[in-house]
Every structure is written in C-alpha cells, then in structure tokens.
1. Can you name every residue in segment 21-49 that is surrounded by 15 or more Cβ atoms within 10 Å (Cβ to Cβ) and either part of a loop (DSSP other than H, G, I, E, B) or touching a residue at least 24 places away in the same chain (Cβ under 8 Å) (or both)?
2. Identify, by number, the condition in (1) modelled with pLDDT of 55 or more; (2) not in a helix (DSSP H, G or I) that residue 18 doesn't meet.
C-alpha cells in the first residue's frame, strides 16, 4: 500500500511542477512586479522604471522583462488559486484511496480463489476420447 501512495504523491508533484527546475514568480521591485526566479532570471537589475535585466546563476545577462500589468498579476493569482484547488482535490482523493485500502485490509475478507473448470470426457467411436473445457462462453476441446 505504501509504495502505491508514494508513487501517487510523486506523480502529483511532477504534475504540479514541484519536481522540476525553478519556476518564475512575481518579484516586487521599486513599485512593480516582475516575473523572475527561474533558471534564466535568478537575479534582476532595474534598467528602466518598468523594465529589469535578468541574469542567470553565473551572472550572464539573459534578457529583459517588463513589469507585470494589473491584469497579468490577477491572472497569475487566479492560476495559483486554480492549482491550489486542484492539489487540494487530489490530496482529498489520495486520502480517500488510502482509507479505502486500509478498510479493505481491515475487513479480513479473503481474496477470491481461482478454481479450475471441470473437464468432461466425451466418448467417441473407435475408442477416441475428446476432452472439452468450458470457461464461461468459451469452450476448448482436444482429441
């Protein structure tokens, strides 16, 4: 049961982007928000009132980014809220699955056992025998 739960948690993290590299997020600088913090924009340097220059971890300039508009900021917040709701839903489903597995183990009911189908010999003329095995809608006969 535990490997199954761990696998589901890792899958959720990968889907949410937690298992990957760094992700950009709004950073506040001199009255404006700028998307920074990803691998290509580890550090920012303001070059205009609404523009910053991005630098990677080695200090190499990688390009500039404009300040976020109010609409972009609202969309970012909405996207974060949707992701949080999805993660809460997934966590709830994961807890329900874990509870179902735990309940199944506590019931103590044995798993259904396989029973081989019956084999009925059929007498053919001249001493030959045919054996047929029937499993549901399928029947297999051999001489």
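The values are calculated or read from the model by the stated rules, or taken from the named source; none is laboratory data. On a predicted model such as this, the values are computed, not experimentally measured, just so you know. Glycine gets a Cβ as well: all are built from the backbone with ideal geometry, and neighbour counts include every protein chain shown.
1. 24, 26, 32, 33, 34, 35, 36, 37, 38, 40, 41, 42
2. For residue 18, the failing item is (1).
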